[in-house]
Every structure is written in structure tokens, then in C-alpha cells.
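Visitor: First, the structure itself, so that you have it in front of you.
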Amino acid sequence: MPAVGGIGPGTGKEYPGNLTLYVLVTCIVAAMGGLIFGYDIGISGGVTTMTPFLQKFFPSVWRKKEADKTKNQYCQYDSQTLTMFTSSLYLAALLASLVASTVTRKLGRKLSMLFGGLLFFSGALINGFAKAVWMLIVGRIILGFGVGFANQSVPLYLSEMAPYRYRGALNIGFQLSITVGILIANVLNYFFNKIEGGWGWRLSLGGAMVPALIITVGSLILPDTPNSMIERGQTEEAKAKLKRIRGVDDVDEEFRDLVAASDASKLVEHPWGNLLQRKYRPHLTMAILIPFFQQLTGINVIMFYAPVLFNTIGFKDDAALMSAVITGAVNVGATLVSIYGVDKWGRRFLFLEGGVQMLICQAVVAACIGARFGTNGDPGDLPKWYAVVVVLFICIYVAGFAWSWGPLGWLVPSEIFPLEIRSAAQSINVSVNMLFTFAVAQVFLTMLCHLKFGLFLFFAFFVLIMSIFVYFFLPETKGIPIEEMNQVWKTHWYWSRFVEDLDYPNGGMEMSKGGQGPKNV
């Protein structure tokens, strides 16, 4: 069989250095940038099930929901205006990520994080005091600008700051923060919904100011990455910083590679145009297909609309919110598994295992919902065992995503791009992610109304396709220094036809002396 796995973990280069307390604290603070994205994902799905919120801003949806309690459960939330409230953020994030590429490249990763925090804070403030739907939409758009800047800069920052042996675990701290943000939002929604007077939704939406402040303050105290400092001409300061973050004085080899990569990147006048060059074909493919497949797993259907989904399949409002809390807790726990295993078991193993797990669970959930609701959406009285089975398999599905496609969808793209195209390629990654997040969020409730339980089979099909793609086309990137990553393409059974030694003179020939050739999996 062809060498679908690419190269093994050895590459012939091993930079000296330790996982210092300084780097660990720095990466933890930076990873908290994921809180704003996670909090928003969790909060938006919860407030859209709160009766006072619907009565104030979406009365037609509330009336339809009340009228349809004994009718078609699949269609009770089908409203384009309601989904626009949720999904407008992701269009804004798409646009912001393109601007953030230039900011991140020319002014540094820290400044992008700062902009993200300030914008998210402003959006949360507007939403918390919203008096009309247009204020909600404007607030969501500004929140989206904040998410675009943060998602563009934080994964890059983590991949550049972390020692290569621990890059996977430290980068997944970003996804862990996303899951913690989702869980916090779900818990707050549950309790704020119980506030008498019907104004708890304001606390839910306005509470986004807290994670915004965390990333804003964090960006002010974080150091810049040596890669970014060299890129902006601060060479001596970058070498001193590299010694501090690695905890050793012998950083000459890594520093030379960073400078060489920076020199090569300065020759690139138009990084966006360069992405279309033949030698970057593997990178561009991954920057597009990994975030595309990540959203087509169906996870955002679960995490955006978990309360709506559980309410739709017959749970009461409080029960729906509590079910979302449960799935949120599973999400956090499973992400910790990924942090433990990503640098031990490798990226490909987690991708493939998670894909199989999600595929099985989606088939079971589709069967359960189809058996009780049929095509008319009227389940009658739902027994408790049914609710337990549905929640159990949704939790197993969430766990599969949380230790595979969730964190790795951010980790792998952020670590495979050469410095000369890194900011631009990461913007493509974030833009595709946000585009399909928007698309799925906008059409989900309509698809649920028309496809019914078949919606889960729709997403299961894409899980199957993306698992096949990973098996054949994604090389293993575990244990490879970030500036030496191009070796994985040169020894891959398919991508090697696009990449030659002359394309990457820095490190490529050296690595080929000690690196492993293709091997079967």
C-alpha cells in the first residue's frame, strides 16, 4: 500500500530546550483567547430557547413554538431571522480574519489578540443592553470581528511559542479554552433562565465582556514570539527571547533556522498570491479542507443549538439547558484526553478514531429520533430511557469530536505553514471555518425541518468522506519542528509530486539525511 502516513516522528533535527514554566504560563494565558469563541457558541444557543428573549425579539418564533407543542417538533424553531442572530457573527469573523492576516504579519500576534479582545468587549456591551433586533445583529457582527482576530492569531502564537515536542498539547489549550467557554455559557444560561423578571438573557449576553477582558489584558502582558520579532527586524531581542522561552543558552541552530525562514519570507511580496504556487498546493489544500470538514462533522449543530435540539426532541426548557451543560462538560473532559495524547499517539490516530466514533453515534441518534418522531415530528409521550439514550450517544459523539477534529482542526493548519505564507494561510483556514460555520448555523433549523432525522445521516456522510481523506492525504506532523515541517510533504506518497528540494532549501536537505522515508501504515 502507498505510504499514506508520510514520515514518522523523527526528522533528524532536535532543537535543545525544555518546557519552562515561563512558556507554560505564557501559553495558558494566550490560549484563553479561545474563551470568547467558546462562550459565544454556548451562549447563543441557550438564549434562543429563553421565553422572555423570544417574546421580546422574535415573537413570531415564540408563538409558533407555543402553537406547535403537539405538532411537528422538527420545525418549531425554523426562522431565518433567529438563525441570522446566531450566524451573523461568523460572516463578520470571516471578513475580520482576512484583515487580521496583515496585522498579525506586520504588527505581531499580540496586537491581533488585543484587537480581538477590544472588539469582542464592545459587541458584548451592545448585546447586553440591546433594545431591538438591529442592536443584537450589530453587536453580533462586532463580536464576530473580535473572534476573527483572536482565532487568526492565537493558534499561530501557541505553535510558535511552544517547544516542538509539546506543540500539540500546548496548542490544544486553545480548543480547551473554547470548550470551557461553552461549558461556562451553558451553566450560566441554566441559572440565568431562572431569574424572575425575564432579564436573565441580558446577563448571558453581557457576560461575554468577562472573557473579552481576559484576552485583552492577557495580550498586554504576553511576550511576542521569536518568529514574529525576527519577522519585524528585532533579531537580537528575538535571540534573547528564544533563550528564555527554551530555558537553555544553546539555541543557535533553532535561531538560524528561524532567521533563514524569516529571510525567505521577506522575499515574498504577495503572500496571498504565493499561496497559489505549486509548492504550496498541500498547504492550501489543508487550509481549505480541514476547516471545511470540521464544520461538516455537524458539531456546531450540537453546540450552537444543543438546548434547541433537546427542546425539539421533547425535553422541557430547563431539561434542554441542563442537557447542554452535560454535553459541555463532556466536551471539556474529552479535550483533556487530546492534550494528553496528541504528542504521544499522533494527529492521524486521533483524527481517524474520532471519525469512526462520530460516524457510529450519528447513525444511532438518527435511528433513535427516526423511530420515535418518524417523519411527522410528533413523538407523543417520550419515555425517560429514550432521553437517556439520545443524550448518551450525543455525549459520545461530542467526546469523539473533542479529542479529534475539534482541537486538531486548529492545531494541524497552524503548524504546517511556512513562515512566508503563515499569516495568509491561517487567514484562509479561519475564513473557511467561519464561512461554513455561518452556512451550517444559518440553514440548520431549515434543514432539520425538511430533512428531519435524516439530518444526522447527512453529517455522517461527510464524517465518512473526511476520514478517508485523512487516511490517504494527511501526513503525521507529531514531533517535527515547525520550521522543518516541509519535510512531511517531500516524503508523502502524493504530495511529493508538488514539492522539490529546491523549493525549500532551508532545512530540507539537512533533514533528508536523518529523516525517515515513507512507511506503510
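The values are calculated or read from the model by the stated rules, or taken from the named source; none is laboratory data. Treat the numbers as computed from the prediction; the structure is a model and nothing was measured. Methodologically, a virtual Cβ is constructed for each residue, glycine included, from the backbone with ideal geometry; neighbour enumeration extends over all protein chains shown. In case anyone asks, the SASA skips ligands and DNA or RNA and just uses the protein heavy atoms, side chains included. Shrake-Rupley method; radii C 1.70, N 1.55, O 1.52, S 1.80 Å.
Visitor: Return only the number of the condition from (1) out of contact with any Gly (no Cβ under 8 Å at 6 or more places or on another chain); (2) among the hydrophobic types (A, V, I, L, M, F, W, C); (3) within 21 Å of residue 104 (Cα to Cα); (4) crowded, with 19+ Cβ neighbours inside 10 Å that residue 215 does not satisfy.
Guide: Here residue 215 clears every test but (1).
Visitor: Which number in (1) modelled with pLDDT under 85; (2) open to solvent by 10 Å² or more (accessible area, probe 1.4 Å); (3) of a type in the set (S, T, N, Q) marks the one condition that residue 177 misses?
Guide: Going through the list (1) modelled with pLDDT under 85; (2) open to solvent by 10 Å² or more (accessible area, probe 1.4 Å); (3) of a type in the set (S, T, N, Q), residue 177 breaks only (1).
Visitor: State all residues of the range 419-438 that are modelled with pLDDT under 85 and open to solvent by 10 Å² or more (accessible area, probe 1.4 Å); if no residue qualifies, say none.
Guide: Scanning the range 419-438 gives 420, 438.
Visitor: Considering each of 195, 178, 182, 172 in turn, give the residue that is among the β-branched types (Val, Ile, Thr) and within 16 Å of residue 347 (Cβ to Cβ).
Guide: 172
Visitor: Has the range 473-485 got at least one residue that is open to solvent by 10 Å² or more (accessible area, probe 1.4 Å), closer than 22 Å to residue 227 by Cβ, charged (D, E, K, R) and modelled with pLDDT of 80 or more?
Guide: There is at least one residue in the range 473-485 that is open to solvent by 10 Å² or more (accessible area, probe 1.4 Å), closer than 22 Å to residue 227 by Cβ, charged (D, E, K, R) and modelled with pLDDT of 80 or more.
Visitor: Within the range 129-160, how many residues turn out to be open to solvent by less than 10 Å² (accessible area, probe 1.4 Å) and either free of Cβ contacts under 8 Å to residues at least 12 places away in the same chain or over 19 Å from the mean Cα position of the chain (by Cα) (or both)?
Guide: Of the residues in that region, 3 qualify.
Visitor: Which condition number in (1) at negative phi; (2) touching a residue at least 40 places away in the same chain (Cβ under 8 Å); (3) not β-branched (Val, Ile, Thr) is the one that residue 452 fails?
Guide: All conditions pass for residue 452, except number (1).
Visitor: Just to be sure I understand, how many residues within the range 251-269 are open to solvent by 30 Å² or more (accessible area, probe 1.4 Å) and either within 27 Å of the chain's Cα centre (by Cα) or modelled with pLDDT of 80 or more (or both)?
Guide: The number of residues fulfilling the criteria is 5.
Visitor: State the number of residues belonging to the range 89-111 that are of a type in the set (A, V, I, L, M, F, W, C) and surrounded by 22 or more Cβ atoms within 10 Å (Cβ to Cβ).
Guide: 6
Visitor: Residues in the range 458-465: is at least one within 30 Å of residue 146 (Cβ to Cβ), of a type outside the set (A, V, I, L, M) and either in a helix (DSSP H, G or I) or open to solvent by less than 20 Å² (accessible area, probe 1.4 Å) (or both)?
Guide: yes
Let's see how each residue does on (1) at pLDDT below 85; (2) not hydrophobic (A, V, I, L, M, F, W, C):
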{"position": "275", "(1), (2)": "yes, no"}
{"position": "285", "(1), (2)": "no, yes"}
{"position": "295", "(1), (2)": "no, yes"}
{"position": "305", "(1), (2)": "yes, yes"}
{"position": "311", "(1), (2)": "yes, yes"}
{"position": "316", "(1), (2)": "yes, yes"}
